Amino acid sequence: MYQNPNPSSTPDPTSNPNPNPNPSGSGEGDQSRRHRKKLAQVHDLARRLAASDAAGRVEAAREVRRLARSSAKARSAFAVAAVVEPLVAMLPSHDPDARESALLALLNLAVRNERNKDTVIKSGALPHLVELLRSETSSLRELATAAALTLSASPSNQLTIATSGAVPYLVKILISGSIQGKVDAVTTLYNLSTCRDSSSLTLPVDAAEPLLTLLKDCKKYSKFAEKATSLLEILSETEEGRNSISDLDGGILTLVETVEDGSLLSTECAVGVLLSLCCSSPQKYKELILKEGAIPGLLLLTVEGTEEAQKRARKLLDLLRDQPSRRASEDLRIAAYDIAARVDGPRKAASTAKRLLHDMIKRNMELTMARMEHRAAPYTPKTLVT
């Protein structure tokens, strides 16, 4: 039998020398054991992900996904090169199960963890994600879209994703994907548009029709409407984009409805699109905008919108009034009364509406006089040097 040569210096591990252990010490011991257990789990999964057995790698990836989905601590623990890099290496696999399991594992690691989002990108996942966005398998395309959405939520990743070649494929998802795929694509594109160098995002004109269709069908005050109108405003910066927006049946009407019923942000973006149309070609767009009854919503926006929305609405009203019509005048009176009733109540509505119209007419006259004075300013030649 083994005898301890120095029992005084090496205690028996089965004995309990302290019958009343310190609770804090016990807690530290439990914490240490949990830490060692977590490290062992990470090492085991890393070993299985690096193994040559394809089925074992798939099973390990699924285990990473399961643990990461259920625990924020697991998401942090597994975000190490020994786990992330083998998962990234599985993305271009010819085995659909390997691609899907790796993609889901990476997606769950990145959810609600900014550091992990950056780690996934730095580990080389983005080129593979772009390839998966163009996959012939719709489920893989939409999983890749969900992954792009998650990764694009990190500001440090937005420029990299915007310039990776992913945008055209996200627009294809926007055109032909499932409802969830379209929502994910819109949100991803919106995230990319908010990066510091937003000029790096160029939207294909093909995005106009699905964006307007989705805007037409959604609640105009929703967060989704804010994202859709923001992207439409980017499209309206080019002639091709403006043509795509105005050529769609009901496109201008959808924007007018958003001005009337949208949130502060979606109304600001919607009136920005209408203003861009009207500024680019007044003769082409004035009557189209007036025809859809834009005046009441614009007048309301001059009172209730953001500072930028009010400025845009006033400018657009000035452009529309340069070519007054009987319908526009009637719309102005109706809209002024409607706003007055909301602001001051029915009893004072008539007098308030009159004041609103008076202020608008006065502003219009001031602008007209300023333009006339500018055109009539005499030419003053430079003093001749003799």
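Per-peptide packing, taken as the mean over residues of other Cβ atoms within 10 Å, places 68-79, 157-168 in the sequence 157-168, 68-79 from highest down. Given +1 at the Cβ of Lys and Arg, -1 at the Cβ of Asp and Glu and no other charges, the dipole of segment 84-189 around its Cα centre is 300 debye to the nearest 20. Among ASP30, ASP118, a tally of other beta-carbon atoms within 10 Å of each Cβ gives an order, fewest to most, of ASP30, ASP118. Whole-Hz Karplus values for segment 177-191 come out as x, 5, 4, 5, x, 5, 4, 5, 5, 4, 5, 5, 4, 5, 4 Hz, taken residue by residue from phi with 6.51 cos²θ - 1.76 cosθ + 1.60 and θ = phi - 60°; glycine and proline positions read x. Near LEU140, within a Cβ-to-Cβ distance under 9 Å, what is the net charge of the other residues, with Lys and Arg +1 and Asp and Glu -1? My count for the surroundings of LEU140 gives -1. Paramagnetic label reach from SER280 (point 7 Å along Cα→Cβ; backbone nitrogen cut-off under 16 Å): within segment 173-215, residues 202-212.
The alpha-carbon of LYS219 sits under 24 angstrom from the alpha-carbons of these lysines, leaving out residues fewer than 8 places away in its chain: LYS172, LYS182, LYS227, LYS291.
Maximal additional length on extending the ASP97-ALA82 stretch stands at 3.3 nm, based on 0.36 nm per residue less the C-alpha distance. Using the Karplus relation 6.51 cos²θ - 1.76 cosθ + 1.60 with θ = phi - 60°, the per-residue 3J(HN,Hα) values for segment 89-96 come to 5, 7, 4, x, 4, 7, 8, x Hz, with x marking Gly and Pro.
Subtracting the Cα-Cα distance of LYS122 and ARG196 from their residue separation scaled by 0.36 nm leaves 24.7 nm.
Students often get this wrong: which residues of segment 166-202 have the backbone nitrogen under 17 Å from the point 7 angstrom along Cα-to-C-beta of SER138? Answer for this model: 170-185.
Between ARG347 and LYS315, residue separation times 0.36 nm minus the direct Cα-Cα distance comes to 8.5 nm. Cα-Cα over 29 Å: which of LYS38/LYS122; LYS284/LYS348; LYS220/LYS286; LYS286/LYS348; LYS117/LYS216; LYS223/LYS284? Flagged as over cut-off: LYS284/LYS348; LYS286/LYS348; LYS117/LYS216; LYS223/LYS284.
Laboratory data are not the source of any read-out in this text; all were calculated from the coordinates shown. Because the structure is predicted, anything quoted here is derived from the model rather than measured. Glycine also receives a Cβ, built like all others from the backbone with ideal geometry; neighbour counts cover every protein chain displayed.
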